[in-house]
1. When only Cα pairs under 8 Å and 6 or more residues apart are kept, what is the percent relative contact order across region A:189-413?
2. Taking a cut-off of 19 Å between Cα atoms, list the lysines near residue B:152, but don't count ones fewer than 8 places away on the same chain.
3. Do you know the relative contact order of chain A, to the nearest whole percent, from alpha carbon pairs under 8 angstrom that are 6+ apart?
4. As I understand it, the dipole of the protein assembly as shown uses +1 on the Cβ of Lys and Arg and -1 on the Cβ of Asp and Glu, about the Cα centre. Which of A:383, B:169, A:191 lies farthest toward its positive end?
5. With each pseudo-label sitting 7 Å past Cα toward Cβ, what's the residue A:284-residue A:424 distance in nm, one decimal?
6. Given Cβ point charges of +1 (Lys, Arg) and -1 (Asp, Glu) and nothing else, what value in debye, to the nearest 20, does the dipole of the protein assembly as shown about its Cα centre take?
7. Can you list the residues of region A:48-94 whose accessible area drops by at least 10 Å² going from the chain on its own to the full set of protein chains, with a 1.4 Å probe?
8. Run the quick spin-label model on residue B:54 and residue B:153: label points 7 Å from Cα toward the beta carbon, then report their separation in nm to one decimal.
Amino acid sequence: MADPATVPLTGWGRTAPTPATVVPVRGPEDAGTALAARTQRGLVARGLARSYNDAAQNAGGLVLDMTAADRVLDVDLAGAEIEVEAGISLDRLMNLFVPMGLFVPVTPGTRYVTVGGAIAADIHGKNHHVAGTFSQHVAWLDLLTADGQVRRIGPDRDPDLFWATAGGMGLTGVILRVRLRMTPIETSRLLVDTDRTPDLDSLMTLLTETDHLYDYSVAWIDCVATGARMGRSVLTRGRFARRDELTEKQRADPLRYSGAVRLSTPGVFPSGLLNQATVAAFNEVWYRKSPRHKRDQLQTIGAFFHPLDGVGNWNRVYGPRGFVQYQFVVPHGGEDAMRRALIRISSSGHASFLAVLKRFGEGNPGMLSFPVSGWTLALDIPVVEGLAGLLDELDELVVGAGGRVYLAKDPRVRPDLFGQMYPRLESFRDVRRRVDPEGVFTSDLARRLSL
Amino acid sequence: MIDALGSIGSLLLVGGTSDIAVATARRYLAERPLRVVVAARDTPRRAAVADELRGAGGQVEVVDFDADDPASPAGAVAAATANGDIDVAVVAFGQLGDAARLRTDSVAAAHLAQVNFVAAVAVGTELAGRMRTQGHGVIVALSSVAGERVRKTNYVYGSTKAGMDAFYSGLGDSLAGSGVSVLVVRPGFVRSKMTEGMPDAPLATTPEVVAEAIVAGVRARRHTIWVPGALRWVMTGLRHTPRAIFRRLSF
Ligand SMILES: Cc1cc2nc3c(=O)[nH]c(=O)nc-3n(C[C@H](O)[C@H](O)[C@H](O)COP(=O)(O)OP(=O)(O)OC[C@H]3O[C@@H](n4cnc5c(N)ncnc54)[C@H](O)[C@@H]3O)c2cc1C
Ligand SMILES: NC(=O)c1ccc[n+]([C@@H]2O[C@H](COP(=O)([O-])OP(=O)(O)OC[C@H]3O[C@@H](n4cnc5c(N)ncnc54)[C@H](OP(=O)(O)O)[C@@H]3O)[C@@H](O)[C@H]2O)c1
């Protein structure tokens, strides 16, 4: 175990820093040593810290930096399965496996997340409506639990512990190794259709009628526009291209992959600090520049999935007080709540950069897993006076519609409302009581919400 | 934990029956439910405060605290943190004393110093130790403008507040980097139990206004606030008033 250091930690939103002792973990032994060396303040794993909040923080305790545990342990190309250590990033997996014709089963809007973090938050991607969440592609995983045991669990082995761990935000133990089912691809390009929709209703109609035709789908929605243009958006949907759909030049090297992205669609990206005027101007240009309808455009993985990864530390544009990402889902039937939430947000005057709207497919048994069949909206809001009240109001709307907020992003939900959002919270607590009766695994998030 | 937008989950009131402390708890409870620990002497008023805060949505715990007892600060802070972290601790106990009597009664003067200064130092030391281990938390210390420039009419009280103000300001500096911070609150005249029956001083205010300022100060991570805010500039003036003139001011 290398020397630990006490440092202030935050998540991607750069709010609420707390100091913890960071222990670098290179493998199972390091994790076991750290577990044995814990104090009363307990410990939690940390991946690439792309969760926006305090999930991978543990004030006064230990935080296990998993990013050095990043080896590939086994590859089954024919069966499209790989076995990896949990600290490996999706970026690395793409670099290694796209050229071999395997893509990660689910990718978030950044590829700088670890496999452990992807399972702990049970992340979703643009393909949720057809592929579900990341954890649904895990054959098994090895979990170091509070008693020092390493347990191999999966949907068919101790499913309760597995479905508490998937979406469990690191609170059941440390994920060490993972066997993951990958997605076979013929090429590294996507065939993309773009549609511009003038308002929210036309967007929802289009998604309801035709989303099943695409593997990947997401809408970028303008949260500053009000009135008749409220909810105007640019919808991009696609699937991986077959070899014969590439240009002749591309066909020479169909699985060529480089993570680098050139920012193409928006054309401009506001530099310096954001305010209402720059955001409104940006959203206007971005909407006008996008094609009304475009079909079968070939795009790279980077451009299609991770446009923001091209911008470096864009989380700093929100200024020193940081920002909050608010993401919620409302089940089908909650369309009106979605509409009212958008009206409330766009009329609040809080500058918010492009928001993302997606239609989710079915949920899974994950006790704290976020997605449920319905509509999800995610947007950034810089920390400003009065934001706590606005978000509490939005939460009430969301809960009223049977919806919930996303634990990987939320830094401020009311604990009592959180309980109403996740009806399986008690089952989660039961599992934790079983495998970790003393609450050795804990985090700022766990303390804040009494998970 | 104090969340990204400054909302809190647990509050400790040391001197839990203080009007300012209770107003602060009510102000927080108006935003969301939270755990409130009331540390105070066992009196009917303590029971009434606990009931009131429960009615306002608080998950209330009561622990014994008596500033006259040297063992009490350690015991009270340990009991208050036994069931979980404390996000914000308000140090609100204190007495005004009878200025006329304090002039001649050395036992009474020493007792006031015990309550307002010695016990406050012990409580601050215990809280800081506990919060350092937590790695987070805010200590709110109710100082007073009376301690900023001590007046001849209540110099004993003023000096105890000057001492506790200096202690908590220094404590705050010593905690830099620990995740813990201290907010020193300097109210002017507040219409509370403490000042009952006294005529209003200029810029007199209410426990509710002080509570509002405390919540905003914690949210903004301030280190020192005056209530009302204008007192900051009044006190700057008074601090620099030559002694010969200050002595002749009629307050
Ligand atoms: C630009 C951007 C876009 C994003 N887009 C999406 C998106 O489209 N969909 C989506 O679902 N999410 C999205 N996210 C959120 C992100 O995918 C999740 O927060 C993910 O958990 C981050 O992984 P990480 O490795 O950075 O984990 P961290 O942020 O470091 O940790 C997150 C949680 O995982 C736990 N954890 C990490 N490693 C382990 C381990 N080995 N064992 C046990 N627990 C562990 C931590 O304790 C913590 O609770 C996005 C984030 C950013 C910054
Ligand atoms: N009111 C003002 O004008 C004013 C101005 C500036 C600063 N302050 C400061 O603000 C703080 C709160 O005052 P307040 O206005 O809210 O007055 P308050 O209502 O009288 O509160 C003071 C509290 O201190 C407690 N206390 C006194 N002696 C104690 C002891 N020996 N042990 C334990 N508790 C004891 C009392 O509790 P019991 O119920 O046990 O008696 C009382 O509830 C005080 O520190 C005061 O100095 C007040």
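1. It rounds to 24 percent for region A:189-413.
2. Qualifying lysines at Cα under 19 Å: B:161.
3. 18 percent
4. B:169
5. Those two pseudo-labels are separated by 4.6 nm.
6. Around 1940 debye, computed over the protein assembly as shown.
7. At a threshold of 10 Å² (probe 1.4 Å), the residues of region A:48-94 that become less exposed are A:59, A:60.
8. Label-label distance for residue B:54 and residue B:153, simple model: 4.2 nm.
The values are calculated or read from the model by the stated rules, or taken from the named source; none is laboratory data. This structure is a prediction, so every number in the text was calculated from the model and none was measured. FYI the Cβ positions are ideal-geometry reconstructions off the backbone, even for glycines, and counts take in every protein chain you see. Remember, those area values only see protein heavy atoms, side chains included, never the ligands or the DNA or RNA. Shrake-Rupley method; radii C 1.70, N 1.55, O 1.52, S 1.80 Å.
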